[in-house]
1. Between residue 235 and residue 187, what is the spin-label point distance in nm, taking each point 7 Å from the Cα along the Cα→C-beta axis?
2. Shape verdict for the stretch 5-96, please, from the Cα gyration tensor: rounded (a/c under 1.5), prolate (a/b greater than b/c) or oblate.
3. Relative contact order (percent) for the stretch 65-216, with alpha-carbon contacts under 8 angstrom and 6 or more residues of separation?
4. Pick out which of 177, 191, 255 has the largest mean-square fluctuation in a Gaussian network model of the chain, springs linking Cα atoms closer than 10 Å.
5. For the stretch 174-207 and the stretch 46-84, what is the separation of their Cα centres, given in Å?
6. At a 10 Å Cβ-Cβ cut-off, how would you order 231, 116, fewest neighbours first?
7. Counting alpha carbon pairs within less than 8 Å and at least 6 residues apart, what relative contact order, in whole percent, applies to the stretch 130-280?
8. Give the angle, between 0 and 90 degrees and rounded to the nearest 10, that separates the Cα long axis of helix 9-20 from the longest principal axis of the Cα atoms of the chain.
């Protein structure tokens, strides 16, 4: 993915002087967005000594300054500008990234810039998709991404998806003022856990049987099921649920049990999910 980052002449000279002061031959700068696509997004610029850049980074050259762009941050760095702002007798480097806080839309198709580990859907076996593999994005929800390659579906974890420049939105929760776990936030977290094949959350699918918050232990217990006892993605979905719950403020432990009694039936799917799937 290409991105248009502009560096003013004044900012380029400022950066060149700043990098020269580090007395490290070949040192560059690296630009990335932390918590991209959320209200807490921060656009950052850091020193990047030789060898510390990522293989998936996009290098840009401005005179004597090399700027590396973090691959997962590319959607948020569109139309960015680095400039100098005068503050009295001093000067400050400024970064304007107008899309940093806007949810990113992943590309529909891409060639993987590097090899990545994935899980085949629905079997759940781990495979490595090679560098250069042509994939199409079929689903980007709840932090993970599902891609199609050579007729098969593969689920990329948030970490693996980020390595190849793909990212989907995950809710970031405000810290409750009462210092207690919010049950509403726990449910919101579970709404961010999706079936790898169907763009519907485990809550809307009716897979959640019980959610219990223990305020004394700062823990959460989840009892859930799967659409099929033979689903090979069960451990992945359970891991997603636990990870999302652990992102809720004050949750220190999350336990997830997968059960098959009572067995799941299509009657458990919410009306909203049926409407979304075109089944109403």
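Since every read-out is calculated from the coordinates, none of them should be taken as a lab result. Remember, predicted model here, so these are calculated numbers, not experimental data. We place every Cβ from the backbone using ideal geometry, glycine too, and count neighbours over all the protein chains shown.
1. Simple spin-label model gives 3.2 nm for this pair.
2. Details: a/c = 1.84, a/b = 1.11, b/c = 1.66.
In terms of gyration-tensor shape, oblate.
3. Numbers: 249 pairs, mean separation 27.0, N = 152.
This gives 18 percent for the stretch 65-216.
4. 177
5. For the stretch 174-207 versus the stretch 46-84, the Cα centre distance is 35 Å.
6. Placing the least packed residue first, the sequence is 231, 116.
7. Details: 237 pairs, mean separation 29.7, N = 151.
Once divided by the residue count of the stretch 130-280, the mean separation gives 20 percent.
8. So the helix axis and the longest Cα principal axis differ by about 90 degrees.
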